[in-house]
Amino acid sequence: MDNFLKIASCLMTVILLTTQLLLASPYRGQMVDDTLKGRQIKTYETLIYKGSLVLNAIGRYETNSAAILINGKIQKIVDFFPIQVDLCDGDVLEIQLKRGSPAFYMYLTDIKGRIKIESQESSFLIDSGINYIVKAQRSAQNADD
């Protein structure tokens, strides 16, 4: 049994090294081409799409009365506007306003990076409690990268 495990581990190591060398060779395109389920992933390509939103406020905003929530977790307390929020594909952006704070409007100033938002609105009423803003999605212009 001891000899069997030694032979099996050596064989698995040889297979691993051979596969890695073939993936680094010019034959990689033939090995990873999947025409039935999609396209070939390029060596520099990532499946995570990142970007940022720049948000600004209209109306009376009290300093430190709002918190930025990404996927339900507090990321930062807003001191002043405009504020830049970094997002990935699939992240949900929400704003939590303290009770008793005056309501204000927030609007989207700029979108940077490889994401887009699902909302057609560019301004949002921020009232006491948690307010849903947008969900980040993969940018359509970069879908064929």
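We did not get these values from a lab; they are worked out from the coordinates using the rules stated. As the structure is a prediction and not an experimental result, all values here were calculated from the model. Here Cβ is always computed from backbone atoms with ideal geometry, including for glycine, and neighbour counts include all displayed protein chains.
Looking across Lys50, Lys98, Lys73, one residue alone is more than 18 Å from Glu121 (Cα to Cα) and free of Cβ contacts under 8 Å to residues at least 12 places away in the same chain. It is Lys73. Annotation note: Cβ proximity below 6 Å between a residue of segment 106-135 that is small (Gly, Ala, Ser) and a residue that is buried (at least 18 other Cβ atoms within 10 Å of the Cβ) (sequence gap 6+ or interchain) occurs for Gly113/Gly51; Ser119/Val134; Ser128/Leu97.
Scanning segment 90-108 for residues that are touching a Phe, Trp or Tyr at 6+ places or on another chain (Cβ under 9 Å) and more than 18 Å from Ile70 (Cα to Cα) yields Ser101, Pro102, Phe104, Tyr105.
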